[in-house]
Amino acid sequence: MRDFENQVVVITGAGKGQGRSHALAFAQRGASVVVCDIGEQLPCASAMATMEQLEETVRLVESVGAECVGIQADTRSTADMKRLVDTAIDRFGKIDVFVANAGIAAFGPVSEMPYDVWRDVVDINLGGVATSIRAVVPHLIERGAGRIVATSSAVGREGGPNNANYAASKWGVIGFVKSLAIELAPHGITVNAFSPMSVSTDMCHNQLTYGLFRPDLDEPTRDDVKDTFAGLNPMRVPWLELSDASEAVLFLASSSARYITGAALDVAGGWNAFHSA
Ligand SMILES: NC(=O)c1ccc[n+]([C@@H]2O[C@H](COP(=O)([O-])OP(=O)(O)OC[C@H]3O[C@@H](n4cnc5c(N)ncnc54)[C@H](O)[C@@H]3O)[C@@H](O)[C@H]2O)c1
């Protein structure tokens, strides 16, 4: 199916993980893709992509026959996000879909959390989503069309121990998306959140996260944490595969979702059914 033929898709945080998977999925369905990543490691955060990984994303997208441009850019920077949008418009003439995917995780109890751990997570996961989307909105309004998808999380509608910074940022994404959806609906633009449970990327598979799930073990392995992860949702799925995440994002960007806006699409094995709404 090449239902994104002649469409231009911009994705933030696509050096690896879900962003790379989304880029490939859009490309396989006919889109031209512009990707960015910060390409450097912040001290407090889960593993971030290198520029070599971003270049690999570009190579992978091109290998399926699609056009792709990758640039180093930080979603927190208004200048970088303007450059990202300008790059896409200069190269392809327009933007149809914007996926605000970039994010980081860093955990700890609020009473012990260093201020930079709080600040960096909220600045990137909420501030970066807003800054990147604000950069593309004028272009989409001018076109009178467009799709915006922002990545939230299953903890975008609940709390979690050691997770206050991350949960606050992801709740914020949903509030931002719902408000912007109302503003942009008259312009023919949809704005939705994608709310996955754990996804099988570096953000899920690392010693810090494993240690939170199995504090009784010194060096828990993937096998050690599998049941604890699965216990979070009634379908007892430990983590989503990348394709589960990309299918949901592509659905929200597709013509099938043309009248869906202001929604938060849960892909969480029913974890979301525990939320009050
Ligand atoms: N993996 C999970 O379990 C999970 C669950 C729910 C939501 N999410 C969300 O999904 C999104 C994608 O995460 P992932 O699972 O692919 O993790 P990941 O760490 O593999 O990918 C995140 C990417 O974002 C990039 N990035 C971070 N800050 C950036 C910035 N300021 N500017 C540009 N790029 C930046 C990183 O370098 C990295 O390449 C994130 O928003 C994350 O919070 C992940």
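The values are calculated or read from the model by the stated rules, or taken from the named source; none is laboratory data. The structure displayed is predicted, hence computed values, not measured ones. Neighbour counts are summed over all protein chains in view; Cβ atoms, including those assigned to glycine, are modelled from backbone coordinates with ideal geometry.
Considering every residue within the stretch 28-35, establish whether at least one is crowded, with 22+ Cβ neighbours inside 10 Å and either of a type in the set (D, E, K, R) or out of contact with any Asp or Glu (no Cβ under 8 Å at 6 or more places or on another chain) (or both).
Within the stretch 28-35 (the criterion being crowded, with 22+ Cβ neighbours inside 10 Å and either of a type in the set (D, E, K, R) or out of contact with any Asp or Glu (no Cβ under 8 Å at 6 or more places or on another chain) (or both)), the answer is yes, since at least one residue qualifies.
Without any contact (Cβ under 8 Å) to a residue 24 or more places away in the chain, farther than 20 Å from R134 by Cβ and in contact with a strand residue (DSSP E or B) (Cβ under 8 Å, 6 or more places away or on another chain), is that true of V58?
Details: without any contact (Cβ under 8 Å) to a residue 24 or more places away in the chain: yes; farther than 20 Å from R134 by Cβ: yes; in contact with a strand residue (DSSP E or B) (Cβ under 8 Å, 6 or more places away or on another chain): yes.
Answer is yes for this residue.
Could you list, ordered by first residue, the pairs with Cβ atoms under 7 Å in which the first is in the stretch 237-253 and touching a residue at least 60 places away in the same chain (Cβ under 8 Å) and the second is within 14 Å of the ligand (Cβ to nearest atom) and in a loop (DSSP other than H, G, I, E, B), at least 6 apart or interchain?
Close Cβ pairs (under 7 Å, with a partner that is within 14 Å of the ligand (Cβ to nearest atom) and in a loop (DSSP other than H, G, I, E, B)) amount to L242/S200.
All but one of (1) without any contact (Cβ under 8 Å) to a residue 24 or more places away in the chain; (2) among the charged types (D, E, K, R); (3) farther than 19 Å from W171 by Cα hold for R119; state the number of the condition that does not hold.
The single condition R119 does not satisfy is (3).
Among (1) part of a helix (DSSP H, G or I); (2) within 20 Å of H22 (Cβ to Cβ); (3) within 9 Å of the ligand (Cβ to nearest atom), there is one condition T201 misses while meeting the rest; what is its number?
The failed condition is (1).
Collect the residues in the stretch 148-168 that are in a helix (DSSP H, G or I) and in contact (Cβ under 8 Å) with a residue 60 or more places away in the chain, keeping them in residue-number order. Can you show your working first?
First, the residues of the stretch 148-168 that are in a helix (DSSP H, G or I): 154-156, 164-168.
Listed by number, the residues that qualify are A154, G156, Y166.
From the list P220, P234, P215, P161, which one is more than 13 Å from the ligand (Cβ to nearest atom) and farther than 26 Å from M113 by Cβ?
The conditions single out P234.
Is it the case that G128 is part of a helix (DSSP H, G or I) and within 16 Å of the ligand (Cβ to nearest atom)?
yes
I'm told V199 meets every condition in (1) of a type in the set (A, V, I, L, M, F, W, C); (2) over 16 Å from I104 (Cα atoms); (3) surrounded by 16 or more Cβ atoms within 10 Å (Cβ to Cβ); (4) modelled with pLDDT of 95 or more except one. Can you identify the failing condition by its number?
(2)
Which condition from (1) more than 17 Å from the chain's Cα centre (by Cα); (2) over 28 Å from P138 (Cβ atoms); (3) more than 10 Å from the ligand (Cβ to nearest atom); (4) assigned to a loop (DSSP other than H, G, I, E, B) is the one that A106 breaks?
Result: A106 passes all but (1).
For the stretch 63-92, how many residues meet the condition of being in contact with a Leu (Cβ under 6 Å, 6 or more places away or on another chain) and farther than 20 Å from V129 by Cβ? Write out each step before concluding.
Within the stretch 63-92, the first condition is being in contact with a Leu (Cβ under 6 Å, 6 or more places away or on another chain), and the residues that meet it are 70, 73.
Right, trim to farther than 20 Å from V129 by Cβ and you get none.
So the count comes out to 0.
Looking only at the stretch 61-93, filter to residues that are β-branched (V, I, T) and in contact (Cβ under 8 Å) with a residue 40 or more places away in the chain; which one of those is nearest to the ligand (Cβ to nearest atom)?
Result: T75.
Can we say V9 is under 25 Å from V137 (Cα atoms), within 14 Å of the ligand (Cβ to nearest atom), modelled with pLDDT of 95 or more and assigned to a strand (DSSP E or B)?
no
Filter the stretch 13-59 for residues that are more than 9 Å from the ligand (Cβ to nearest atom) and part of a loop (DSSP other than H, G, I, E, B) and give the result.
R29, G30, A31, P43, C44
Read through the list (1) buried (at least 20 other Cβ atoms within 10 Å of the Cβ); (2) within 18 Å of L180 (Cα to Cα); (3) not small (G, A, S), then give the number of the only condition that D266 fails.
Failing condition for D266: (2).
Return the only residue of D74, D86, D90, D123 being modelled with pLDDT of 95 or more, part of a helix (DSSP H, G or I) and closer than 27 Å to Q207 by Cβ. So that I can check it myself, show each step before the final result.
Working: D74 fails: part of a helix (DSSP H, G or I); D86 fails: closer than 27 Å to Q207 by Cβ; D90 fails: closer than 27 Å to Q207 by Cβ.
Answer to the check: D123.
Could you list, in sequence order, the residues of the stretch 136-147 that are part of a helix (DSSP H, G or I) and crowded, with 23+ Cβ neighbours inside 10 Å?
Just the residues of the stretch 136-147 that are part of a helix (DSSP H, G or I), to begin with: 136-143.
Hits for the stretch 136-147 are V136, L140.
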